[in-house]
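The values are calculated or read from the model by the stated rules, or taken from the named source; none is laboratory data. Note that this is a predicted model, so its numbers are computed, not measured. Neighbour counts are summed over all protein chains in view; Cβ atoms, including those assigned to glycine, are modelled from backbone coordinates with ideal geometry. Side chains are part of the model used for accessible areas, which takes the heavy atoms of the whole protein and leaves out ligands, DNA and RNA. Shrake-Rupley method; radii C 1.70, N 1.55, O 1.52, S 1.80 Å.
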Amino acid sequence: MEKKRILIVEDDQRLAENISKGLAEKDFDTSVAFDGQIGLRLALSGKYDLIILDVNLPVMNGYEVCAKIREKDSQVPIIMLTALGETDDKILGFEKGADDYIVKPFEYRELLARVNVFLKRAYAENEPNASSLLRIADLEINLESKIASRQGTKIELTPKEFSLLEYLIRNKGKVVSKTEIAERIWEGNNAENSLNVIEVYINFLRKKIDKDFEPKLIHTKTGMGYVLKDD
């Protein structure tokens with residue numbers, strides 16, 4: 001079986017080497033870059049299965065690198081590492097295209113767990129028998145192109161917004177709690193810290209898929225969570 005390739009972009013040489021060594025012991029093939037510019041060049045020139053990206057990088061910061069990667073590749077999972085733990089910082093990372101966000105300091109096993117989750121998810125999404133289209137009412141999302149549309153109108157979504165909408169549409173008609181969403185979309189390890197972010201993202205989705213359309217699809221069940229339904 002071919003090894004999964006992981007790119008680590010981190011200016012703390014000791015941390016980068018420790019992450020690389022740990023992943024190599026789990027049979028991953030790793031590459032390391034110590035500044036954003038080199039990291040971006042590697043990300044765009046090599047075929048990686050996942051990217052671990054620090055925010056505070058020399059030459060080009062992680063937010064810039066993430067955004068430029070997303071211009072070329074909408075699917076490679078990107079896990080951002082940062083010492084910044086505020087909600088606004090997390091939202092900025094997700095808006096630039098990050099799939100997940102780990103606040104330093106962290107335990108290596110936490111990072112490894114997230115890596116495995118995203119690699120498993122990427123494999124499942126690329127299975128040839130998986131349906132590439134999900135629908136409810138006049139809303140449609142394409143899992144291959146990562147495009148959402150309603151009444152034939154394309155809706156621009158960030159990767160995190162798309163993941164949240166995909167989760168809701170896969171559970172259409174079912175009330176899902178913020179804790180369930182945190183565990184599935186924000187990977188659970190920082191579930192409590194993700195609850196405010198979830199509220200923000202639900203509002204983002206409402207503005208994009210409900211504000212200018214009827215019927216409204218995203219509904220709040222007070223004290224319980226959210227449900228996507230067309231009645």
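What does the charge add up to near D138, with Lys and Arg as +1, Asp and Glu as -1, over the other residues with Cβ less than 15 Å from its Cβ?
Local net charge: +2.
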Surface accessible to a 1.4 Å probe, E107 within the full protein complex, Å²: 100 Å²
Value of relative contact order over the chain, rounded to a whole percent, pairs C-alpha under 8 Å and six or more apart: 13 percent
The stretch 8-84 - accessible surface per residue (Å², probe 1.4 Å): 47 Å²
Most fluctuating residue given options L23, L134, L15, as computed from a GNM of the chain linking Cα atoms under 10 Å: L15
Furthest towards positive pole of dipole, A43, V9, Q75, structure part the chain, Cβ charges: Q75
Three-way shape label, the stretch 1-52, alpha-carbon gyration tensor, a/c 1.5: oblate
Whole-number D in µm² s⁻¹ for the stretch 133-228, Kirkwood Cα-pair radius fed into Stokes-Einstein, 20 °C, 1.002 mPa s: 159 µm²/s
Among D35, D12, D54: highest mean-square fluctuation, GNM of the chain, C-alpha pairs under 10 Å: D12
With 5 Å bins from 0: P(r) over the chain, alpha-carbon pairs, percent: 1, 6, 14, 18, 19, 16, 12, 7, 4, 1, 0
Relative contact order (%) - criterion: Cα under 8 Å, at least six apart; region: the stretch 133-228: 25 percent
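What shape does the stretch 5-121 take by its C-alpha gyration tensor, where a ≥ b ≥ c are the square roots of the eigenvalues and a/c under 1.5 counts as rounded, a/b above b/c as prolate, and the rest as oblate?
Rounded, since a/c falls under 1.5.
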Per-residue [θ]222 nm for the chain (sum of -39500 (n - 2.57) over DSSP H runs n ≥ 4, rounded to 500): -13000 deg cm²/dmol
FRET efficiency estimate (nearest 0.05) - Cβ-Cβ, E71 to F213, R0 30 angstrom: 0.60
Inter-site label distance for E144 and D29 at 7 Å from Cα along Cβ, in nm: 2.6 nm
Charged-residue dipole, Cβ positions (Lys, Arg, Asp, Glu), the chain about Cα centre, Debye nearest 20: 520 debye
Cβ-defined net charge surrounding A16, 14 Å radius [Lys, Arg +1; Asp, Glu -1]: -3
Accessible-area composition of the chain, carbon plus sulfur, in percent [1.4 Å probe]: 46 percent
